């Protein structure tokens, strides 16, 4: 009988377990689901775009991100070898500050 009493006290309903999860977690799940829906809608629109316009847009965004990484040196670790090599040809924040003094 003691075993049954302990098992009954330890078992919680699914609703009790869900109530123990912090509200922040549910907000993050909701934002993730909304982001997934937005990504699907955007991808469906991108498929309909002229491929030349799409290529020019991707080139512009990629260039902006790349030049920002080179200037600010805030690239992710996987891109450091390429950014280090390119930083020798393009201005960076460190070099500009060095020449000012």
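The values are calculated or read from the model by the stated rules, or taken from the named source; none is laboratory data. Because the structure is a prediction, the values reported are computed rather than measured. Cβ placement follows ideal geometry from the backbone for every residue including glycine, while neighbour counts extend to all protein chains displayed.
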Give the number of residues within region 56-66 that are under 15 Å from residue 90 (Cβ atoms) and out of contact with any helix residue (DSSP H, G or I) (no Cβ under 9 Å at 6 or more places or on another chain). 4
Working only within region 37-52, note down all residues that are assigned to a helix (DSSP H, G or I) and either closer than 23 Å to residue 91 by Cβ or more than 19 Å from the chain's Cα centre (by Cα) (or both). 44, 45, 46, 47, 51, 52
Note: among 79, 55, 9, just one is modelled with pLDDT under 90, part of a helix (DSSP H, G or I) and surrounded by 10 or more Cβ atoms within 10 Å (Cβ to Cβ), namely 79
For the structure I just gave you, tell me whether residue 3 is surrounded by fewer than 10 Cβ atoms within 10 Å (Cβ to Cβ) and modelled with pLDDT of 90 or more. no
